[in-house]
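Below is one structure; the comments refer to it alone.
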Amino acid sequence: MDSIMTGGCQCGAVRFRAEKLGRPSICHCRMCQKAFGSFFGAFVSADQAHLAWTRGQPSLFRSSAKVKRGFCSKCGTPLTYHHPGGVELAIGAFDHPERLEPQVQVNHHQRLPWIDTLFQKPAFSSPEMEAFFASVESYQHPDHDTAEWPPKDD
């Protein structure tokens, strides 16, 4: 994928621009589960020569002897996975994650035992839930680059 894509953390302290992305994937290993606080981690490989940090830099945590994981030190958003073969970016951190559908699953043997049936569960909604979520005012950085963040009060 050669188009330019942007993204960043939830609070806007760290932003990036990437092109020449590789294959999107999800990883079921326990380290990814813990790093994302979720069922798996979703990544796309990035060409480091075509990756620029346009605001801030991720902080790094050495999660093993061979791997470092990048995250925003202000809001905790997972951003990168650095391994001996290169770097991968968290798909959820992109402004348009819908463009990066995972193509493979790695460490499939470590997946949670119910992951294969997860999306067969019934969807649930209620008028109360919908009203609550409609009332939430987000302080999250928008899904596009901004000249400054947070915006100055008028």
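The values are calculated or read from the model by the stated rules, or taken from the named source; none is laboratory data. The shown structure was predicted, so the numbers you read here are calculated from the model rather than taken from an experiment. All Cβ positions, even for glycine, are placed from backbone atoms using ideal geometry, and neighbour counts span all protein chains on display. We work out accessible area using only protein heavy atoms, side chains counted, and drop any ligands, DNA or RNA first. Shrake-Rupley method; radii C 1.70, N 1.55, O 1.52, S 1.80 Å.
Is segment 120-138 home to any residue that is touching a residue at least 12 places away in the same chain (Cβ under 8 Å), out of contact with any Leu (no Cβ under 8 Å at 6 or more places or on another chain) and either loosely packed, with under 10 Cβ neighbours inside 10 Å or outside any loop (DSSP other than H, G, I, E, B) (or both)? First the steps, then the outcome.
Applying the first criterion (touching a residue at least 12 places away in the same chain (Cβ under 8 Å)) to segment 120-138 yields none.
Within segment 120-138, none of the residues are touching a residue at least 12 places away in the same chain (Cβ under 8 Å), out of contact with any Leu (no Cβ under 8 Å at 6 or more places or on another chain) and either loosely packed, with under 10 Cβ neighbours inside 10 Å or outside any loop (DSSP other than H, G, I, E, B) (or both).
Quick one: what pairs do we get from segment 34-53, first residue touching a residue at least 40 places away in the same chain (Cβ under 8 Å), second β-branched (Val, Ile, Thr) and assigned to a strand (DSSP E or B), C-beta under 7 Å, 6+ apart or different chains?
PHE40/ILE26; GLY41/ILE26; ALA42/ILE26; ALA46/VAL87
For a quick check of your reading of the model, give me the residue pairs whose first member lies in segment 98-118 and is farther than 18 Å from GLY22 by Cβ, whose second is assigned to a helix (DSSP H, G or I) and among the polar types (S, T, N, Q), with beta-carbon atoms closer than 8 Å and at least 6 apart or on different chains.
Once the first residue is farther than 18 Å from GLY22 by Cβ and sits in segment 98-118, its partners that are assigned to a helix (DSSP H, G or I) and among the polar types (S, T, N, Q) give LEU112/GLN33.
Need the failing condition index for PHE61 against (1) of a type outside the set (Val, Ile, Thr); (2) exposed (fewer than 15 other Cβ atoms within 10 Å of the Cβ); (3) part of a strand (DSSP E or B); (4) touching a residue at least 40 places away in the same chain (Cβ under 8 Å), just the number.
(4)
Can you tell me which condition LYS152 does not meet? The list is (1) touching a residue at least 24 places away in the same chain (Cβ under 8 Å); (2) open to solvent by 60 Å² or more (accessible area, probe 1.4 Å); (3) part of a loop (DSSP other than H, G, I, E, B), and all the others hold.
(1)
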